[in-house]
Protein chains: 2
Amino acid sequence: MKKITLLSVAILSSLSFSSFAKDCAPNLLPSWKDGESKSAIVDFVGQATKAESDTFVAVQDRIAVFDNDGTLWSEKPYYSQLAFALDRVKEMAPEHPEWKTEAPFKFVLEGDIESALGSGEEGLLKIIMATHSGMTVEQYQQDVKQWLAVAKDERFNKAYTDLTYQPMKEMLTYLQDHDFKTYIVSGGGVDFMRAWAPQAYNIPPEQIIGSALKYNYSYNDGKSTVTKDSSILTIDDKAGKVTNIQHIIGKKPILAVGNSDGDQAMMQWATSQPNSMAMIVHHTDAEREWKYDRESHVGKLDNALDEASSRDDWTLIDMKSDWCEVY
Amino acid sequence: MKKITLLSVAILSSLSFSSFAKDCAPNLLPSWKDGESKSAIVDFVGQATKAESDTFVAVQDRIAVFDNDGTLWSEKPYYSQLAFALDRVKEMAPEHPEWKTEAPFKFVLEGDIESALGSGEEGLLKIIMATHSGMTVEQYQQDVKQWLAVAKDERFNKAYTDLTYQPMKEMLTYLQDHDFKTYIVSGGGVDFMRAWAPQAYNIPPEQIIGSALKYNYSYNDGKSTVTKDSSILTIDDKAGKVTNIQHIIGKKPILAVGNSDGDQAMMQWATSQPNSMAMIVHHTDAEREWKYDRESHVGKLDNALDEASSRDDWTLIDMKSDWCEVY
């Protein structure tokens, strides 16, 4: 995980006055403490953008992919998209009297979230399908936006979009300023993320890749409608992240950032070429955020943690010691 | 199909000297004859980019989608990708002695293309799977590039990439110069197109959507590989074009251009909103290219031709009378 920091020093020293405001401390990645992680980012960008160097990467190949849950915003105690789904079940309950006696819906309505989450993949899929399919994409995204405008997470009492990580947003901006095309590649639902992530991260909808339900298109009496089907189109996790990037972008990213074993394949693939890097957000800060890795049910980081320790081109971001601010 | 041409006149008259080189005749879409089609393009771009007008479209929403076969390059007598597949069968034959007696391969090897094509969807799928799956994406695209470097079409004795339409390439450039994000959305294979279309049309791989086989990812001994599977991931045709655009771009295009009934859904969807347009390349030029529409097996244009006649926001491009040059 060691990166040569000489280059970053050289770059900082050689900066002309005109570029000072953009690239130099204290304005350079201000929420990042000086150290290995920050240097890794600055070195990597410096190397990729240094013309006439053999580490130079053409603008068209500066593809950077970021996981979302646990990498760009908090994912504990459970994914925000699931919090949305649970709240939607409560809202939709009057139209579904049968839910009062039907698991897992009855658990949600009784406020017994533990039992609802304990209903396994099949139960969670029922909740997702009931709340994520059957409507138009526009209607669904309006539901998401309305929910985000009022919902607060339980621990911090903040809007979910305020639980995005300030240092990671600075990193995205820094990459975008250096002509990187930044993508989200997340296990979360693509339509869910597209409802808010463009504003939160300055990443347009067409650079958001996620899990998806199939879409149905209908055309009647001159009216075009795309609705969300109740069958799965793609699960964007593990090897699925690689194959979705291949399918949708058609290029191997040079930078992959994640926080769990679900991102390991994408990171291995990205770093199977020269002039590439992987970074892992390691949740080490129980006080300001959450502390978890190998034993966690959400965002389990185990094999990828071992791999990071053994590779020079993988860098662990230690949330507690590397970040001045979290949110 | 009538478009007001006053705006284009106004725009041309009001241009300052500095923008003359970019926007004015004879440099403005030089391969397009003055007339309804050219005016439709110029008017549409003028309206979308005119600040403070109620037809103005923000840069982020200037999404234009183009079919490829028959819209950006010739598709007769059969798709170029099929010509590639047939040539690959001949090249691969020594490794497959069983093909000498097995339909549809034996027809290809005997030079009986008519029987090979007559083997129906099942037969053609066998040819596609045999030539398009089992290898890495990189290897496949190298095969495509090598083929394109030497193959010639039978009628014009030109390289296939020289059968791209000059007027359409000018239209793409014109849109790109006005901050449109141009996409290919084609029934052709996405990996096939990505091997050459970026150079031919100045459209990057991530803006090419097509039919695709599933991808397999493997990681062994530190080596990452993405191979092409022999099962179908998506068929990018008819309603599939709409649902793929929804999935991959996440925005409704404001301009959709095609040439067949396979593009009709995409055009209907795009033009189900204000300030949008559809265009259809009508193959009317038997001498310089091909002449076909309602009765053609390849690129059948029937229902969409009727719809174009009845809608003001759909414009037919008459290849014979609208284009000074074809290739």
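Values quoted throughout were computed directly from the atomic coordinates according to the rules given, and no laboratory measurement underlies them. Please read all numbers here as calculations on a predicted model, not as lab measurements. Positions of Cβ are generated from backbone atoms using ideal geometry, with glycine treated the same way; all protein chains shown enter the neighbour counts.
For the rotational copy pair A/B, the chain A residue whose Cβ lies nearest the symmetry axis, together with its distance in Å, is A:ILE248, 3. The mean number of Cβ atoms from other chains found within 10 Å of a Cβ in peptide A:202-212 is 3, as a whole number.
How high is the FRET efficiency from A:LYS320 to B:ASN303, r the C-beta distance, R0 60 Å, rounded to 0.05? Display every interim value, and only then the final one.
Details: r = 62 Å, r/R0 = 1.04.
Approximately 0.45, to the nearest 0.05.
Whole-Hz Karplus values for segment B:184-192 come out as 9, 10, 10, x, x, x, 5, 6, 4 Hz, taken residue by residue from phi with 6.51 cos²θ - 1.76 cosθ + 1.60 and θ = phi - 60°; glycine and proline positions read x.
With its label point put 7 Å out from Cα toward Cβ, B:ARG311 sits 4.8 nm from the same residue's point in the other copies, in order from shortest.
With each run of n ≥ 4 DSSP H residues scored as -39500 (n - 2.57), what mean residue ellipticity at 222 nm is computed for chain B after dividing by its residue count and rounding to the nearest 500 deg cm²/dmol? Spell out each step's value before the answer.
Working: 15 runs with 128 residues, N = 327.
Computed ellipticity for chain B at 222 nm equals -11000 deg cm²/dmol.
Taking every DSSP bridge with both residues inside segment A:205-327, close to 55 percent are antiparallel. Inter-copy label distances for A:LYS90: 6.9 nm (label point placed 7 Å from Cα along Cα→Cβ; shortest first).
Beta-bridge orientation, the protein assembly as shown: approximately 40 percent antiparallel, per DSSP, counting only bridges with both partners inside.
Listed values for segment A:169-180 are Karplus-derived 3J(HN,Hα) couplings in whole Hz (6.51 cos²θ - 1.76 cosθ + 1.60, θ = phi - 60°), namely 5, 5, 5, 4, 4, 4, 5, 4, 5, 9, 6, 7, and x replaces Gly and Pro.
Label point of A:ASP162 (7 Å along Cα→beta-carbon): distances to the other copies' equivalent points are 6.5 nm, sorted ascending.
Could you work out, residue by residue across A:116-127, how many beta carbons of other chains sit within 10 Å of that residue's beta carbon, and then give the average as an integer?
Numbers: counts 0, 0, 0, 0, 0, 0, 0, 0, 0, 0, 0, 0.
So the per-residue partner count for this stretch is 0.
For chain B, the longest principal axis of the Cα atoms and the long axis of helix B:80-92 meet at an angle of about 20 degrees.
Determine the shielding of peptide A:213-220 by partner chains: average, over its residues, the number of Cβ atoms on other chains within 10 angstrom of each Cβ. Don't jump to the answer; show the numbers that get you there.
Values: counts 1, 2, 8, 4, 12, 3, 7, 0.
Per residue, the number of nearby Cβ atoms from other chains is 5 on average.
Please sort B:113-120, B:41-48, A:277-284 by packing, taking for each peptide the average over its residues of neighbouring beta carbons within 10 angstrom, highest first.
Details: B:113-120: 14.9, B:41-48: 23.2, A:277-284: 25.4.
So the order, starting with the most tightly packed, is A:277-284, B:41-48, B:113-120.
The angle between the Cα long axis of helix A:120-132 and the longest principal axis of the Cα atoms of chain A comes to about 80 degrees, rounded to the nearest 10. Here each label is just a point 7 Å from Cα along the line to Cβ, and for A:ILE235 and B:ILE232 those points are 2.4 nm apart.
With respect to chain A, whose longest principal axis is taken over its alpha-carbon atoms, helix A:36-49 is tilted by about 80°.
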